[in-house]
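Worksheet: one structure, shown below.
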Amino acid sequence: LRLDGGSRLAAAAWVTPRPSVVIRRHRLMQVTLDDLVGRQMLTPVAASFLRAAVRARKSIVVAGSQGAGKTTVVRALCAEIDPMEAIGTFETEYELHLHELKRHKIVHPWEARPGSGERGPDGRMAGEFTLDDALVDSFRFNLSRQIVGEVRGKEIWAMIKAMESGTGSISTTHASDAVGAVRKLVTCAMEAGPHVTHDLATSKLAATIDLIVQLDLRTTTVNGVSQRRRRVAEIIALEPGERETGYATTHIFTPDRDGTAVPAVLPDEYRALASYGFDLPSYLMQQEVRS
């Protein structure tokens, strides 16, 4: 359930040895890419690339493990959207809270609603409201951007529909690495039913997702004190590819020894992001130093 202030509470009992309660707090609400640079979560060059990608309306998926900071990064990316753009957010549970941050003038938040145990003549549970339903409703709101929250299953089709509209959608998912995020999303798409084949899911994802931003979470213990370090570790470009996989990936930023994303290979089409604020000279200089 949702607590005052945006925190979320999860509890379990009777099916666990003892009752367990977890409260998830969002500590960074008003956050920008520059703030994340200050926290050493990513480099200024990587921040300039992501800032330009948002402004150029690239569709982005932020991936990582639980607690890696995916929602925080999405908030920072959304901070780069013009304050006057009309934004719609689609979540199974409110977590972004863009409608409460007051950074953007027009935000329409949708939250999915599970149905009761009863099913209607159409086979759907009574009272159910899905992200697909919300997305259909949103097309009447003249939105400039559609931000889909965490993708864990068949709600990925809401993400794909948002990205197919070409508005520069942003979403999140759980994955251990950027390429693995693609495989995870293919699996999620196939959960929608037997009518979704592997080839269909792959082709849809390759055609709609532009970039995957992978986060790295490392926990270390020093003198009995546990520290968690979060980093943007990879940024890859996704595009339709060979028949065997159905997609091709290019590591624009790859992790260094510290796990921080550093320049690797820049596809020619992404050089155009320089007109949106991408620090191309610094990228090329760091790329040359590494090679």
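The values are calculated or read from the model by the stated rules, or taken from the named source; none is laboratory data. Model, not experiment: these values are computed from the prediction. Methodologically, a virtual Cβ is constructed for each residue, glycine included, from the backbone with ideal geometry; neighbour enumeration extends over all protein chains shown. The accessibility values were calculated without ligands, DNA or RNA, using every heavy atom of the protein model including side chains. Shrake-Rupley method; radii C 1.70, N 1.55, O 1.52, S 1.80 Å.
Out of 288, 239, one residue alone is over 22 Å from the mean Cα position of the chain (by Cα), among the acidic types (Asp, Glu) and surrounded by fewer than 19 Cβ atoms within 10 Å (Cβ to Cβ). It is 288.
When the residues of the range 184-203 are filtered to those that are open to solvent by 60 Å² or more (accessible area, probe 1.4 Å) and among the hydrophobic types (A, V, I, L, M, F, W, C), the one that is nearest to residue 174 (Cα to Cα) is 190. Looking at 86, 68, just one residue is of a type in the set (Gly, Ala, Ser) and closer than 21 Å to residue 141 by Cα, and that residue is 86.
Per-residue answers, yes or no, for (1) over 11 Å from residue 90 (Cα atoms); (2) open to solvent by 10 Å² or more (accessible area, probe 1.4 Å); (3) not in a strand (DSSP E or B):
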position: 135; (1), (2), (3): no, no, yes
position: 160; (1), (2), (3): yes, no, yes
position: 168; (1), (2), (3): yes, no, yes
position: 171; (1), (2), (3): no, no, no
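Per the conditions (1) touching a strand residue (DSSP E or B) at 6+ places or on another chain (Cβ under 8 Å); (2) surrounded by 20 or more Cβ atoms within 10 Å (Cβ to Cβ); (3) under 26 Å from residue 215 (Cα atoms); (4) not hydrophobic (A, V, I, L, M, F, W, C), the sole criterion not satisfied by residue 75 is (1).
Assess whether residue 118 counts as being open to solvent by 80 Å² or more (accessible area, probe 1.4 Å), without any contact (Cβ under 8 Å) to a residue 12 or more places away in the chain and farther than 19 Å from residue 152 by Cα. Judged against the criteria, residue 118 is a match.
Kindly indicate whether residue 178 is surrounded by 14 or more Cβ atoms within 10 Å (Cβ to Cβ), out of contact with any helix residue (DSSP H, G or I) (no Cβ under 8 Å at 6 or more places or on another chain) and not acidic (Asp, Glu). When the stated conditions are applied, residue 178 passes them.
Check residue 246 against each of (1) over 22 Å from residue 58 (Cβ atoms); (2) open to solvent by less than 90 Å² (accessible area, probe 1.4 Å) and name the one condition it does not meet. Here residue 246 meets the rest and fails (1). Tallying residues that are farther than 15 Å from residue 152 by Cβ and in a helix (DSSP H, G or I) within the range 183-200 yields 3. Strands (runs of 3 or more DSSP E) fully within the range 217-289 that include at least 2 residues being among the charged types (D, E, K, R): 225-240.
Pairs meeting the criteria (first residue in the range 264-288 and acidic (Asp, Glu), second residue at pLDDT 95 or above and surrounded by fewer than 17 Cβ atoms within 10 Å (Cβ to Cβ), beta carbons under 8 Å, at least 6 apart or on different chains) are 279/44. Given the options 101, 50, name the one that is surrounded by 12 or more Cβ atoms within 10 Å (Cβ to Cβ) and at pLDDT below 95. Result of the check over 101, 50: 101.
Can we say residue 234 is more than 20 Å from residue 77 (Cβ to Cβ), touching a residue at least 24 places away in the same chain (Cβ under 8 Å) and either touching a strand residue (DSSP E or B) at 6+ places or on another chain (Cβ under 6 Å) or exposed (fewer than 15 other Cβ atoms within 10 Å of the Cβ) (or both)? When the stated conditions are applied, residue 234 does not pass them. Filtered by the rule that a residue be touching a residue at least 12 places away in the same chain (Cβ under 8 Å), of a type in the set (S, T, N, Q) and over 30 Å from residue 251 (Cβ atoms), the range 7-54 gives 7, 30.
The set of residues from the range 208-228 being surrounded by fewer than 16 Cβ atoms within 10 Å (Cβ to Cβ) and in contact (Cβ under 8 Å) with a residue 12 or more places away in the chain comprises 218, 228. Of the residues in the range 256-270, none is of a type in the set (S, T, N, Q) and either under 20 Å from residue 57 (Cα atoms) or surrounded by fewer than 16 Cβ atoms within 10 Å (Cβ to Cβ) (or both).
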